Amino acid sequence: MRIRNIVAMVAVFAACALYVAAQTPAQPAAQPPRPPLTLTTPAFPDGDPIPAKYTQAGEQVSPALNWTNVPPNTASFVLNMRDPDVARNRGTEDQVHWVVWNIPGTATGLPEGVPQGADRSDGSHQISASGPMYRGPGAPANGPMHHYTFELFALDTKLDVQPGADAWATRTAVFNAMQGHVLGKAVYVGLFRRPQ
């Protein structure tokens, strides 16, 4: 009698388990993580010296930049080139070498030698400490190599920020408008100091 009760209980538990399993929707197979947003340039390897052509010691043309693995729903990009080795006015601000915002979300890069002008034909805007243009690296010859950092942000929106007269105030406005909209970020670094 006792064995019959145990067998009956096991059968009831098995039936309940099968019922619950049948009611639970099948979970989709886990998707592999998306590869991260990646920024590259054919001008120099990541972490290597920047050729003079792209600096204040040369032609000072912007390098071609390319990006891949764009996050879904990207509406625009922001490119921020800065020199984190500079402490502007003895404060925490660094040098604004180039900020380009509202680059279309369909873009896969910027060409070499982006022309001057606050408003670009694709609807994006640009500014630097030198004005509405790319400002090449210019670290002094008598100091250490500086780490010129290109930061690319993928955003889920376009930014309602117009170029201002002050590059630092404009960069701050761009960064404030980006808050809560960053889908991905990529970084690429080049080194430079002027030749002796």
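Please treat every number below as a calculation from the coordinates, not as lab data. All values reported here derive from a predicted model rather than from experimental measurement. Ideal geometry is used to build each Cβ from the backbone, glycine not excepted, and the neighbour counts take in all protein chains shown.
Quick look at the numbers
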quantity	calculated
Computed over the chain, Cα set: Rg, Dmax in Å	26.3, 99
Built amide H within the under 5 Å cut-off of Glu93, gap 5+	Arg88
Fewest-first sequence of Met145, Met178 by Cβ atoms within 10 Å of each Cβ	Met145, Met178
Positive-end extreme of charge dipole, the range 123-194 - chosen from Tyr148, Leu159, Phe175 (charges on Cβ)	Tyr148
The chain: angle of helix 167-178 to the longest principal axis, Cα-based, in degrees nearest 10	10
Least to most buried among Ser76, Ser130, Ser62 (fewest other Cβ within 10 Å first)	Ser130, Ser76, Ser62
Residues with amide H under 5 Å from that of Gly109, placed H, sequence gap 5 or more	Trp67
